[in-house]
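Notes follow once the structure below has been shown.
The values are calculated or read from the model by the stated rules, or taken from the named source; none is laboratory data. The shown structure was predicted, so the numbers you read here are calculated from the model rather than taken from an experiment. Note that we place each Cβ from the backbone using ideal geometry, even for glycine, and neighbour counts take in every protein chain shown. Areas reflect the complete protein model, heavy atoms only, side chains present, ligands, DNA and RNA absent. Shrake-Rupley method; radii C 1.70, N 1.55, O 1.52, S 1.80 Å.
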Amino acid sequence: MPGTAVGTARRFAGGAALLLRGIGLYVRNPGLMLLGVVPALISGTLFVAAYVTLVFFVGDLAAAVTPFADDWAAGARSAARVIAALALLGLGGLLAVLSFTAVTLVIGDPFYEKISERVEERYGGAADSVEVPFWPSLRRSIVDSLRLMGLAALVGIPLFAAGFIPLLGQTVVPVIGAAVGGWLLAVELVGSPFYRRGKRLPDRRAALKADRPTALGFGMAVFVCFLIPLGAVLLMPAAVAGATLLARRSLGQPITEQ
């Protein structure tokens, strides 16, 4: 059992290291990678504005979702609404990170596709690639992204409810949220290399489930970085590069430079 735990931890760390490798590729190829910042900057501006709006109105929203506390003593009512506000901000952060990624990938599809292709070329190419027309590929990407965001919303609602549990809601629930968000991010970000091989969303899930610790390590590292101000905008191209390595690894293809 200890050996299994160590092996799982090692694979989780290896997944997080793929993001670092993506950042390394970003640094060594600034001309190409900076193209990926443009759609991320556009999308990021919209989502920052939306989240700032949520922060501004979170007190009113917290009161709206806790009508049962209206007749409580002032201290208890305030505590309930602080917890509700934190839960709302947590749910908003989870949905914002995932929807930001989905929207940015759609806006910047040509840029991120090129980044992913360049990464694949450095590591031996994709011999099993198929010709995928742009518009059908874009439609599939949008549909799959909507499905993932719908799943995030379904998972986020119970997490929001669990956020009301004192102590547990402010410690364990955020970790679970980061794990769920990290998994969904990993599935979202590997879309381009999987589409290149004619594979769809169920194929992505099956491939990543075969080595879930590695996928979670990568996805949670990206999730945490995306929560840092400007992190999502600046690191989006690096996340795409790292996700290409994750996809190759999950498909049993080399991730050492040829």
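Things worth noting here:
- Remark: the range 6-16, residue by residue, has Karplus-estimated 3J(HN,Hα) of 5, x, 5, 4, 5, 5, 4, 5, x, x, 4 Hz, where x stands for each Gly or Pro and the curve is 6.51 cos²θ - 1.76 cosθ + 1.60 at θ = phi - 60°.
- Angle between the chain longest axis and helix 134-162 axis [Cα atoms, degrees, rounded to 10]: 30 degrees
- 3J(HN,Hα) along the range 172-177, derived from phi through the Karplus expression 6.51 cos²θ - 1.76 cosθ + 1.60 where θ = phi - 60°, amounts to 6, 4, x, 5, 4, x Hz, with x in place of Gly and Pro.
- Every Cα-Cα pair in the range 115-258 was counted, and those over 25 Å apart are 31% of them.
- Note on V55 and T171: the extension gain reaches 39.7 nm, defined as 0.36 nm multiplied by sequence separation minus the Cα-Cα distance.
- Gap separating the Cα centres of the range 21-72 and the range 88-165, nearest whole Å: 15 Å
- Among V27, V180, V38, the largest mean-square fluctuation in a Gaussian network model of the chain, built with springs joining Cα atoms closer than 10 Å, belongs to V27.
- Computed from backbone phi, the HN-Hα couplings of the range 72-79 come to 6, 4, 4, x, 5, 5, 5, 4 Hz, rounded to whole numbers (Karplus: 6.51 cos²θ - 1.76 cosθ + 1.60, θ = phi - 60°; Gly and Pro given as x).
- Exposure ranking of L216, L167, L185 by accessible area [1.4 Å probe, largest first]: L167, L216, L185
- With R₀ fixed at 35 Å, the C-beta to C-beta distance from V38 to F164 puts the FRET efficiency at about 0.30.
- Charge sum, other residues only, whose C-beta stays under 10 Å from N29's C-beta, Lys/Arg counted +1 and Asp/Glu -1: +3
- Cβ charges +1 (Lys, Arg) and -1 (Asp, Glu), total dipole of the chain, debye: 600 debye
- Along principal axes, Cα extents of the range 35-156, largest first, whole Å: 67, 26, 26
- Exposure ranking of Y123, Y26 by accessible area [1.4 Å probe, largest first]: Y26, Y123
- Nearest-0.05 FRET efficiency for S129 and L230, computed from C-beta distance (R0 30 Å): 0.35
- Counting only protein heavy atoms and a probe of 1.4 Å, the accessible surface of the chain is 72% carbon and sulfur.
- With Cα atoms, 0 to 90° folded angle of helix 37-64 axis to the chain main axis: 20 degrees
- The length gained by stretching the chain between A79 and T8 to full extension, at 0.36 nm per residue less their Cα-Cα distance, is 21.7 nm.
- Residues whose amide H falls under 5 Å from that of R197, counting only those 5 or more places apart or on a different chain, are V130, with hydrogens built in the peptide plane.
- Average accessible surface area per residue within the range 145-222, 1.4 Å rolling probe, Å²: 39 Å²
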